[in-house]
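The values are calculated or read from the model by the stated rules, or taken from the named source; none is laboratory data. Remember, predicted model here, so these are calculated numbers, not experimental data. Cβ atoms come from the backbone with ideal geometry, glycine included; neighbour counts cover every protein chain shown. Side chains are part of the model used for accessible areas, which takes the heavy atoms of the whole protein and leaves out ligands, DNA and RNA. Shrake-Rupley method; radii C 1.70, N 1.55, O 1.52, S 1.80 Å.
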Amino acid sequence: MTWVRDSDDTARREDLRAAGKDAALLWFVAMRECALADGDGLMSPLMVEDAAHLYRINARKAVPVLVEGGLW
């Protein structure tokens, strides 16, 4: 299993807070899903959709926010 680099203050990151609740949650969930899949940090569109579906996040709205914010 791979690991995800995270820290105690990740939830306080300005870029995540600026992204909004859904995008930030997708960022957290997708990182963990990628680690569970033994990923190399790259996620297929299907993996992103699956991660979004877990928490009823609209990936079509959240992903562009993450890309534009430099998080993805």
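Here are the numbers for this structure:
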{"quantity": "Pair-distance profile P(r), taking every C-alpha pair of the chain, with 10 angstrom steps and integer %", "calculated": "21, 55, 24, 0"}
{"quantity": "Whole-percent carbon and sulfur share, accessible surface of the chain, 1.4 Å", "calculated": "53"}
{"quantity": "Theoretical ellipticity at 222 nm over the chain - DSSP helices of four or more residues, -39500 (n - 2.57) apiece, nearest 500", "calculated": "-17500 deg cm²/dmol"}
{"quantity": "Among 22, 38, 50: highest mean-square fluctuation, GNM of the chain, C-alpha pairs under 10 Å", "calculated": "38"}
{"quantity": "For residue 59, net neighbour charge (Lys/Arg +1, Asp/Glu -1) across residues whose Cβ lies under 10 Å away", "calculated": "-1"}
{"quantity": "The chain: relative contact order as a whole-number percent, Cα under 8 Å and 6+ apart", "calculated": "37"}
{"quantity": "Nearest-20 debye value, the chain charge dipole, Cβ charges on Lys, Arg, Asp, Glu", "calculated": "280"}
{"quantity": "Cα→Cβ-extended label distance, 7 Å offset, between residue 32 and residue 50, nm", "calculated": "1.5"}
